[in-house]
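Computed from the coordinates by the stated procedures, all read-outs in this text should not be read as laboratory data. Since the structure is predicted, the reported quantities are computational estimates derived from the model, not experimental observations. When we count neighbours, we look across all protein chains shown, and the Cβ atoms used for this are built from the backbone with ideal geometry, even at glycine.
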């Protein structure tokens, strides 16, 4: 079996994240750490429902628009992405680099909050957060090959 470099895959969405690595023993992808922010997201959703934004009429027509503070739901997702990026930056010290897998909006937040020394080898704009470990090879094998090629040529 070929030796695989130690690469951490971060699979995240707005409320859950997990870090996946290839097992040196079996060669399969395994989850090594999970972060759950679903409770905070539920609280933000409940608060937003109980505190709807004010409404304003458009001066040129009959349209109405929400006015007021930024959406707390999106703000909670951004804060969660910052927390995941911090944990990922710490874990990246033990690996040769990271691969980010998340929906596009979350990818941007993750990149923004990662430590500048964290080596991002590849990224995929896809939500694989609920994909079981045994099915991850369908998505992560090609990302791993590209990341290994990038690290070996560097």
Suppose only helical runs count, i.e. DSSP H with n ≥ 4. What mean residue ellipticity at 222 nm does that imply for the chain under -39500 (n - 2.57) per run, divided by all residues and rounded to the nearest 500 deg cm²/dmol? -13000 deg cm²/dmol
State, to one decimal in nm, how far the label point of residue 71 lies from the label point of residue 146, with both points 7 Å from Cα in the Cβ direction. 2.8 nm
Rounded to the nearest 10 degrees, the helix 137-153 long axis (Cα) sits at an angle to the longest Cα principal axis of the chain of 70 degrees
Distance from segment 35-53 to segment 101-116 (C-alpha centre basis), Å: 21 Å
Would you list 30, 120, 20 from fewest to most Cβ contacts within 10 Å? 30, 120, 20
Where both partners of a DSSP beta bridge lie in the chain, what percent of those bridges are antiparallel, to the nearest 5? 60 percent
Nearest 10 degrees, 0 to 90: what angle lies between the long axis of helix 72-92 and the longest principal axis of the chain (Cα atoms)? 20 degrees
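Is the C-alpha gyration tensor of segment 92-132 telling us rounded, prolate or oblate? Criteria: a/c under 1.5 is rounded; beyond that, a/b larger than b/c is prolate, otherwise oblate. Numbers along the way, then the final one.
Numbers: a/c = 2.41, a/b = 1.41, b/c = 1.71.
Oblate, because a/c is 1.5 or more while a/b does not exceed b/c.
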Tilt of helix 104-113 relative to the longest C-alpha principal axis of the chain, in degrees (0 to 90, nearest 10)? 70 degrees
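Using a Förster distance of 41 angstrom, determine the FRET efficiency expected from the C-beta separation of residue 39 and residue 138, and round it to 0.05. Numbers along the way, then the final one.
Values: r = 31 Å, r/R0 = 0.74.
Step by step, r from the Cβ atoms, then E = 0.85.
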Ascending count of other beta-carbon atoms within 10 Å, so fewest first, for 139, 47: 47, 139
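How do 15, 59 line up, fewest other C-beta atoms within 10 Å first?
Numbers: 15 19, 59 6.
Fewest to most other Cβ atoms nearby, the residues stand as 59, 15.
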Once P(r) over Cα pairs in 5 Å bins from 0, in percent is worked out from the coordinates, which option in (1) 2, 8, 15, 15, 12, 8, 6, 5, 4, 4, 3, 3, 3, 3, 3, 2, 2, 1, 1, 0, 0; (2) 2, 9, 19, 23, 22, 14, 6, 2, 1, 1, 0, 0; (3) 2, 9, 17, 18, 16, 11, 8, 6, 5, 4, 3, 1, 0, 0 does it equal? (3)
